[in-house]
Each structure stands twice: as C-alpha cells, then as structure tokens.
Amino acid sequence: MLGDYGPATVRNTKFSALGLQNLTSRSCWGAGTAADSGCFLDTVADLTTVDTRIVATGRADLGHHRSLWRAVVPGKAYTMTFRLSSLDHVVPAGHRLALVLGGTDADMVDPALPATGARVTFDLAGTSYGPDRSPQLVLWLR
C-alpha cells in the first residue's frame, strides 16, 4: 500500500455510501416515465477528518519469481516489479508518503515455500524507477 501521512478532510468511504450522504430533498431530471419518475434524492459529500490515508494498493506473489513454476531461492536477491492501483492524489506540503509491505493470504501459501518465520529483507538503497517511471524495489528472501 502507498499511504499519505498527514491530516486531511476526505470523503468518508468507510461505509457503502462511498462518501455521499442522501438529503430529504429531490431533484428531477426530464419528464419521467411510468417506470421512472426521473426524480432522485439530492446528495452532499460525507466528509471525515483523518491522519493517514491509503492512496494506492497492489499485490505481488513474493514466493515465486516471474511465474508459479519458479520459486524464489533463500539468500538470492530478486528484483520484483508490481503495479499500484491508479489514483489521482496530490500530496499536501508537510505530509509523508509511506510504502507499507505486508503478508496476506496465509491459508493459500504453497507448502514448498519457506516455513512460517521466513524473513524478507527490502533493500531500499536498490529502489529505483523503471522505464515507465514505476518504482522498483529489490527484495531479499532469507
């Protein structure tokens, strides 16, 4: 995940309304039909104040290199590239960006992979930008 650390007022997407709040007033568009009145509840933005925000997410299979048939070898360095979801986000002055790396899907782990307790080391000095300006990070599995 790519996170933005800093206070902000944003749309409240915690609930299924995705940052909108229905009002009791209605606006009508067009003449309407028997099946559709053409009238809809008016809405306003449902805002909330946050200190951190996830601005992009992505996934990578760190147990395999380039295909399911090439498991990574402990102690060997691999460059793994993965894309983050697209989002138009302006980072305000004074905020910090964070790259959050974590493991998921423990019930789907291949038994051939290193046992629980395996350690992944991230070489931040090896971080670079790819030809399409996407960030690249060197990973070490130990």
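Read-outs: derived from the displayed coordinates by stated rules, not from any lab. Because the structure is a prediction, the values reported are computed rather than measured. Cβ atoms come from the backbone with ideal geometry, glycine included; neighbour counts cover every protein chain shown.
Computed from label points 7 Å out along Cα-Cβ, the spacing between Y78 and T57 is 2.3 nm. Rounded to the nearest 0.05, the FRET efficiency derived from the C-beta distance between L47 and L101 at R0 = 22 Å is 0.15.
Were the residues from A8 through A71 laid out at 0.36 nm apart, the gain over their Cα-Cα distance would be 18.5 nm. Using θ = phi - 60° in the Karplus curve 6.51 cos²θ - 1.76 cosθ + 1.60, the 3J(HN,Hα) couplings for segment 15-26 round to 10, 5, 6, 6, x, 10, 10, 6, 9, 8, 7, 10 Hz; x is entered for Gly and Pro.
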